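What follows is one structure encoded as structure tokens, with my remarks underneath.
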Amino acid sequence: MAKIKRNSQRLLYRKYSSNIKYIMMVISVLVITLYLPKQPRFRYEFEKGKNWMNRDLVAPFSFAILKTPGQILADRNEVLKNVLPVYQLNKKLGDIEIESFSGEFDVKWASAAPGERERDANKARAVALLTAIYRKGVVGVNNMHLGGKSSYDFSLLTDNVSKRLSTQDVFTTEGAVNYFRTNFKSTSVRANEMVNELAEGHIRPNISFDERLTAVVQQNTIENISSTRGMVQKGELIVSRNAVIDDEIYQKLESFRTTYDAQTKSIGSSAQVYIGQVLLVGFTISLLMIFLAMFRKDIYADNRQLSLILIVVTGMLLALTFAIKMNLPSLYYIPFCIVPIIIRILFDTRLALYLHLLVILVAGFFVGNAFEFVFYQVTAGMVAIYSIKNFIKRARFLLSAFYILLAYLISFLGIALLREGSFGEIEWLNFAPFVFSVLLSLLAYPLIWAFERVFGITSDVALIELTNTNNKLLRDLAFKAPGTFQHSLQVANLAEAAIFKIGGNALLVRAGALYHDIGKMENPQYFIENQNTAESPHDKLPYEQSAQIIIQHVHKGIEITRKHQLPEAVIDFIRTHHGNTRVDYFYQSFLKNSPEKFVDENTFRYPGPIPFSKETGVLMLADSVEAASRSLKNPDMESINALVERIINYKLEQDQLDNCDLTLKDIETIKLIFKTMLMSIYHVRIDYQQHA
């Protein structure tokens, strides 16, 4: 089988690139719909306190009315009050203690009591009392069960038989000791005290609290609590048109929806449901493709960027699907705000908002209370987009997370008050999923890094890192070509100020300006800003060779930046900052000194291309103006004005700005900014009377 060459693969890719878009679109739709729930969806939306705007709703089948979480909690607390603590009877403990008492009695009597004649009678009487005490039982009182009362009831378990008793029906340890002291009497005071002390040491609780068994009984009791209260019979009116949805009607509707969802898992055609899902998701993805084709042709034409967008959409909807299948207690755990954050940073605000709306609209078909869900997510997504409009610091992520959480909190409070009508009725635990969702939204940062590497997209985060002058490549430039480095800094300041005023990506312009002359590191001594002596190395070279050395800094810059894996968006500034202009100094010198020789103008001309965006166009102008301003011997307002006008008009005459989106108004604004900043750099005093 013949192998397809690499160039042939590229040709095939370009030839069928439009077909690839459709294939990606179909795959995305099929993947999303493959895992979605396949049962029919409950059709009604309702909110507590609102009017029922649909027709009269009659129960199509009988169903139980579910209790609210508050009612279930109240029932739980009530039944737990009636669950008695379980105590176990230790029968052997009494025999052990009485036997131990008898053994110690003989020893103590011999050493502490006079005579042997009364020993047996006293011993028998003491043993009889201890036997009676242990037969009745000695309970270990638990202060938690006592609760400030003098006594409490408990369940005594003996040989797996439970019996309800009170602490008044048995002895406490203190009561047993007092009972013994009251009923044991001896003729000898010394013997009486000795027996009482000995008996006190052998009175221990033989009825003790069984915490594990009590917990089991409590759990079983809780599980037996009914989750329903009453029935709605088939044909019974649930709610009439325009009726206010009060607590009772709301609970009936919730119960009806729960029963409906459970029943539709076994009824209805899953194949037809799937067709409906394909139609909805396919229509939504089609709208996305149309939007890109009409308003973002650059993304639509780039299959890599298009595939990234489809992956983000598909991934978020798959996360929703798996959350539904896993029966998460709340779908608000899912960080839907990741989508607008990623798309805003990698692309733009308009696309981020549009894509977020499409994702939320599709998700709304598969969640309960769809309107509420859409309101939460759309408002939070808008806040997420607004909060990272100017992304210049990583800490902005944390600030954005705070704003998103605040948006969720405001929406949560508003909806809760609308439903409950009281702060006291708000269930604050229901806000926990939103907090978890906001924390998960911080995963957008590593995801952005991964998407940049895989799809070759340059985000503001990457540009911030590139514009750090402690970057290794910029440090090398500052060390090897300090004059070029200073020139690049000044160009960056000029270009950034101009693009900020006329509108554009200021971060991208700054990054492009800092690296546009990076190729001069190879032969820095051949560029005037790095020459420290009056003698130039060009003095010993032919004009053609000198021109080629100057031109080569563009090629070298592309090689260096690609070796260091800089984004193509930054490399574009290196390619275009001279356009296809001539190296006029050496070209004119050649014509002047060798008029008889044939001149190939391309030898003195940069390879291009000319600038093709606002950003690259502004950089070309800033580079030329800054370089030319260094030749001014006595810079003043007139000379700076003349220089800026001459340089920019020359670029226009050479058709270098034909492919970028700069308007005449933009160019006039750029001129004014360049003049103002150059005057400030060279400390030129402005004659305000002249401008009055």
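The values are calculated or read from the model by the stated rules, or taken from the named source; none is laboratory data. This is a predicted model, so every value here is computed, not measured. We place every Cβ from the backbone using ideal geometry, glycine too, and count neighbours over all the protein chains shown. When the accessible area is computed, the model is the full protein with side chains, heavy atoms only, and any ligands, DNA or RNA have been set aside. Shrake-Rupley method; radii C 1.70, N 1.55, O 1.52, S 1.80 Å.
Among all residues of segment 126-140, there is at least one that is open to solvent by less than 60 Å² (accessible area, probe 1.4 Å) and on the phi > 0 side of the Ramachandran plot.
Taken over segment 146-173, the criterion of being of a type in the set (S, T, N, Q), in a loop (DSSP other than H, G, I, E, B) and buried (at least 16 other Cβ atoms within 10 Å of the Cβ) is satisfied by Thr167 alone. Glu248 meets the conditions (1) out of contact with any strand residue (DSSP E or B) (no Cβ under 6 Å at 6 or more places or on another chain); (2) within 30 Å of Gly137 (Cβ to Cβ) in every case but one. The failed one is (2).
Within segment 407-450, being at pLDDT below 80, in a helix (DSSP H, G or I) and either in contact with an Asp or Glu (Cβ under 7 Å, 6 or more places away or on another chain) or open to solvent by less than 50 Å² (accessible area, probe 1.4 Å) (or both) holds for one residue alone: Arg419. Once segment 471-502 is narrowed to residues that are of a type in the set (Val, Ile, Thr) and closer than 28 Å to Asp348 by Cα, the residue that is surrounded by the fewest Cβ atoms within 10 Å (Cβ to Cβ) is Ile502. I'd like to check something: does segment 508-526 contain any residue that is open to solvent by less than 40 Å² (accessible area, probe 1.4 Å), farther than 20 Å from His578 by Cα and in contact (Cβ under 8 Å) with a residue 12 or more places away in the chain? Checked segment 508-526: no residue is open to solvent by less than 40 Å² (accessible area, probe 1.4 Å), farther than 20 Å from His578 by Cα and in contact (Cβ under 8 Å) with a residue 12 or more places away in the chain. A count restricted to segment 628-676 and to residues that are touching a residue at least 40 places away in the same chain (Cβ under 8 Å), in contact with a helix residue (DSSP H, G or I) (Cβ under 6 Å, 6 or more places away or on another chain) and either closer than 24 Å to Thr484 by Cβ or of a type in the set (A, V, I, L, M) (or both) stands at 8. Of the residues making up segment 594-605, those that are at pLDDT 80 or above and not β-branched (Val, Ile, Thr) are Phe604, Arg605.
Considering only residues that are touching a residue at least 60 places away in the same chain (Cβ under 8 Å) and assigned to a loop (DSSP other than H, G, I, E, B), look in segment 552-597 and name the one that is farthest from the chain's Cα centre (by Cα). Top of the filtered list is Thr581.
When Asn468 is tested against (1) in contact with a Leu (Cβ under 8 Å, 6 or more places away or on another chain); (2) open to solvent by less than 60 Å² (accessible area, probe 1.4 Å), exactly one condition is not met: (2). Taking the numbered list (1) modelled with pLDDT of 90 or more; (2) of a type in the set (Gly, Ala, Ser); (3) outside any helix (DSSP H, G or I) in turn, Gly115 passes all entries but (1).
Which helices (runs of 4 or more DSSP H) sit wholly inside segment 606-692 and have at least 1 residues that are at pLDDT 90 or above, basic (Lys, Arg) and open to solvent by less than 20 Å² (accessible area, probe 1.4 Å)?
Fully inside segment 606-692 and qualifying: 637-653, 664-681.
Those strands (runs of 3 or more DSSP E) of segment 174-242 in which 1 or more residues are closer than 30 Å to Val58 by Cβ, of a type in the set (A, V, I, L, M) and open to solvent by less than 30 Å² (accessible area, probe 1.4 Å) occupy 228-232, 237-239.
Could you check segment 70-108 and list, in sequence order, the residues that are in a helix (DSSP H, G or I) and aliphatic (A, V, I, L, M)?
Of all residues in segment 70-108, those in a helix (DSSP H, G or I) come to 70-82, 91-108.
Within segment 70-108, Ile72, Leu73, Ala74, Val79, Leu80, Leu93, Ile96, Ile98, Val107 qualify.
Considering the conditions (1) within 23 Å of Leu165 (Cβ to Cβ); (2) over 40 Å from the mean Cα position of the chain (by Cα); (3) at pLDDT below 90, Val195 is excluded by exactly one of them, (1). Tallying residues that are more than 56 Å from the chain's Cα centre (by Cα) and not polar (S, T, N, Q) within segment 147-160 yields 1. For the subset of segment 55-69 comprising residues that are among the hydrophobic types (A, V, I, L, M, F, W, C) and part of a loop (DSSP other than H, G, I, E, B), which member is farthest from Ala243 (Cα to Cα)? Step by step, filter segment 55-69, then rank; the result is Phe61. Contact map, segment 437-461: first residue under 18 Å from Leu507 (Cα atoms), second residue at pLDDT below 85 and surrounded by fewer than 19 Cβ atoms within 10 Å (Cβ to Cβ), Cβ cut-off under 6 Å, separation 6 or more or different chains; pairs are Ser459/Glu452.
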